[in-house]
Amino acid sequence: MKTELLAPAKNKETAFAAIDCGADAVYIGASSFGARQNACNSLEDIKEVVEYAHKFWAKVYVTVNTILTNEELKEAVNLINELNEIGTDAILVQDMGLLNKLIELKLPIPIHASTQCDNREEEKVEFFRKIGLSRVVLARELSLEKIKYIHEKNPDIELEAFVHGALCVSYSGQCYLSQYIGGRSANRGECAQPCRKKYTLLDDKGNIIKQDFYALCLKDFNASKNIKEMIDSGVFSFKIEGRLKDIGYVKNIVSCYRQELDKYSDKISSGKPFYSYIPDAEKSFNRGFTDYFQKGRTDCYNLISPKSMGKYIGVVKDTKCGKIFVKTGMEINSQDGLCFINNDTLDGFLVNKAEKTEGGYIIHTSRSLFVKNGTKIYRNSDVQFDKDIIKPTKRQIGINVEVFDNKVVITDEDKVSISVEILGDEKAKNQEKMNEIFVKQFTKTGDSDFYVTDIRINSDVPFIPISAINQLRRDSFDKLMRKRLDLYKRETQKPMNYTKFYKNELDYRANIYNKESELFYEKCGAVVNEYAVETKFPNRQIELMRTKHCIKYALKMCKSPKKLILQDEKGAKYPLMFDCKNCEMVVLSPNG
């Protein structure tokens, strides 16, 4: 069975790095209309990424997954036409007005329903399947059981699921808190991340239950231990979150999941990455890890800090005279960043000097502080790992080489084969030595796109200078790569048709922002009662956020009948509603 490892890329350099580290595909934002406003790329850069990825038969998907105004729709359609022309493998969309236009245009570029489409129900996936979309990106909150159910009901559409990275506390596409607070729409790629801010929890009488804590902050997603079960549940594409993350983060996390996926499935692309580091997800930015709701409710929240905790390395045994003795079996270096939890607050310090001693290290800190004995110490900045991770990683395609009848025949791991003639008819004076030289020089693949897994000399090599062998190798590799690129076939979008929507009426939660979206739903038999909140907030109390995270559960208050209110740092109050039957919490807009 084959699966896809899908990596984020904020720019072309990150995309190249993700591909080199083993990604089967990357997703990247274009010049506009992507759900990460600060991760935009020119068509020229995306074309370079496409050409590089296709060498390894890897794919490039472009995000066009914001909701659009009537004026923006035309520009978005033109953009997709250009993306199609440069060979992009698929686009991700959220706006149904854009989908309406694409149904009419009948472009060959495959279309994926972005997670911003709120793909958490079997009916929504079935709807997109019947329309004819190539893939649906599932909501992060789904259990393995629910994913399996959706797959069994819709076996002929690809399912993409997140496997690692930051978590939106709300169902994607259904968060209006940032828009409500400051006019920065998550569905327009402008989220101000209010879920990473401090709040105070009140009861309905104004009494403080818990003050100044990160009530809506989640840990980061890590489903690495559930890979096999995700495959068995029907997941085809394993998506890493992080289009704003740096190259080091992307390289490390892609490498981790490449190794995990390779244990259980075959990859859809070609080549093998050669790492200069040992991948370790805990050494990259993380707020602690959770597999969220894949196997049921867990402690998915981090109420202490939205900052990175990094990797646990040991415990404090003593603090004296500005020095901290940390019991650890790991190496600590000067300029490492260490942190710890102190009175429900994440605190930290820089290592000025680390003296190795029996059982651990004596740490000279960057500032004077006292840390209680037994306190757990984490490293959120690893100087040595950061140095290792920025070293180049090369991905190369395995080839078998045979020499016979004055020609070189090369066959790569995908059974693509070429033949190149060896020019020269002078017999070597020392045939054994000539054969050895040929093998030695031809296997010096260096920074090329290939590495030799086997080379066989089945007939004597004529005399040929070393420079000519090197040129023959380069010419052979060029010819093989040209043939690989000629053989690469982009998947095409199957015909799309309108089908009945599973709801009869739609409100603001359908995120309808343009006339084409309304027309789309009308063609699908649904009545549009409201446009998106980005046009105008309804004149009533609405859901600003619906989430599987529950503050009552986090604070061990499940049986409390109290009505609860979240108050932000500016004093605005948001009533909470608890849908215990579905195990969900709702953040409501303020009354009045």
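Please treat every number below as a calculation from the coordinates, not as lab data. Bear in mind the structure is a predicted one, so any value in this text is a computation, not a measurement. No Cβ is skipped: glycine too gets one built from the backbone with ideal geometry, and neighbour counts run over all protein chains shown.
The spacing between the stretch 100-171 and the stretch 350-394, judged by their C-alpha centroids, is 42 Å.
A simple count of charges around residue 499, restricted to other residues whose Cβ falls under 11 Å of its Cβ and scoring Lys, Arg +1 and Asp, Glu -1, yields +3.
Calculated over the stretch 265-305, the projected area of the Cα convex hull averaged across directions stands at 5.3 nm². Couplings 3J(HN,Hα) for the stretch 106-112, derived from phi with the Karplus relation 6.51 cos²θ - 1.76 cosθ + 1.60 (θ = phi - 60°), are 6, 6, x, 6, x, 10, 10 Hz, where x marks Gly and Pro. Cβ-Cβ distance of residue 85 and residue 413, R₀ of 45 Å, FRET efficiency by 1/(1 + (r/R0)^6): the value works out to about 0.90. Kindly identify the stretch 335-469 as rounded, prolate or oblate by the Cα gyration tensor criterion: order the square roots of the eigenvalues as a ≥ b ≥ c, call it rounded if a/c is under 1.5, otherwise compare a/b with b/c, prolate if a/b is larger, else oblate. In terms of gyration-tensor shape, prolate. Using 0.36 nm per residue and subtracting the Cα-Cα separation, the extra length available between residue 423 and residue 499 on full extension is 21.1 nm.
Taking 0.36 nm per residue of separation and subtracting the Cα-Cα distance, full extension of the segment from residue 345 to residue 212 would add 46.8 nm. Near residue 475, once Lys and Arg are set to +1 and Asp and Glu to -1 for all other residues with Cβ below 12 Å from its Cβ, the sum equals +2. If R0 is 25 Å, the Cβ-Cβ spacing of residue 156 and residue 43 corresponds to a FRET efficiency of close to 0.15. Straightening the chain between residue 539 and residue 123 buys 146.8 nm, computed as 0.36 nm per residue apart minus the Cα-Cα spacing.
All distinct Cα pairs of the stretch 396-487 go into the 1/r average, and the inverse of that average, the Kirkwood radius, is 13.2 Å. Computed from the alpha carbon atoms alone, the convex hull of the stretch 97-241 holds 148 Å³ per residue. Quick query: amide H of residue 58 versus all other amide H atoms, modeled in the peptide plane; which residues come in under 5 Å with a sequence gap of 5 or more or a different chain? Under 5 Å from the amide H of residue 58 lie the amide H atoms of 270, each far enough along the sequence or on another chain.
Averaging 1/r over every pair of different alpha carbons in the stretch 268-365 and inverting the result gives a Kirkwood radius of 16.0 Å. Charges were assigned to the Cβ only: +1 to each Lys and Arg, -1 to each Asp and Glu. The resulting dipole of the stretch 309-389 about its Cα centre is roughly 240 debye. When the listed pairs 245/391; 101/500; 267/548 are checked against a 21 Å cut-off, the alpha-carbon distance exceeds it for 267/548. Here the Karplus relation 6.51 cos²θ - 1.76 cosθ + 1.60, evaluated at θ = phi - 60°, turns the backbone of the stretch 461-477 into coupling constants of 7, x, 4, 8, x, 4, 4, 6, 4, 4, 5, 4, 4, 4, 5, 5, 5 Hz, with x for every Gly and Pro. If you count Lys pairs in the stretch 396-487 whose Cα atoms are under 23 Å apart, skipping same-chain pairs closer than 8 places in sequence, the total is 17. Across the stretch 244-253, coupling constants 3J(HN,Hα) worked out from phi with the 6.51/-1.76/1.60 Karplus curve, θ = phi - 60°, read 10, 7, 7, 4, x, 4, 4, 4, 5, 5 Hz, and Gly and Pro carry x. Post the alpha-carbon centroid distance, the stretch 213-287 to the stretch 471-505, in whole angstrom. If we compute the Cα centre of each part, the gap is 24 Å. Taking label points 7 Å from Cα along the Cα-to-Cβ direction, residue 573 and residue 1 give a separation of 5.2 nm. Looking at the stretch 86-137, the trypsin sites (Lys or Arg not before Pro) that sit in a DSSP loop and have at most 11 other Cβ atoms within 10 Å of their own Cβ are 106.
The GluC sites (Glu not before Pro) found in the stretch 300-371 that occupy coil by DSSP, while having at most 16 further C-beta atoms within 10 Å, are 331, 358.
Projecting label points 7 angstrom from Cα along Cα→Cβ for residue 445 and residue 307 puts them 4.5 nm apart.
Using every pair of distinct Cα positions in the chain, the Kirkwood expression returns a hydrodynamic radius of 26.7 angstrom. Database remark: amide H of residue 377 closer than 5 angstrom to the amide H of 313, 314, 315, 316 (H placed geometrically; neighbours at sequence offset of 5 or more, or on other chains; Pro and chain starts carry no H). Computed over the chain, relative contact order equals 16 percent, with contacts defined as Cα pairs under 8 Å that lie 6+ residues apart.
Inter-label distance, residue 192 to residue 460: 8.2 nm, where each label sits 7 Å from its Cα along the C-beta direction. Taking amide H atoms as placed 1.01 Å from N in the peptide plane, the amide H of residue 450 lies under 5 Å from those of 397, each 5 or more residues away in sequence or on another chain.
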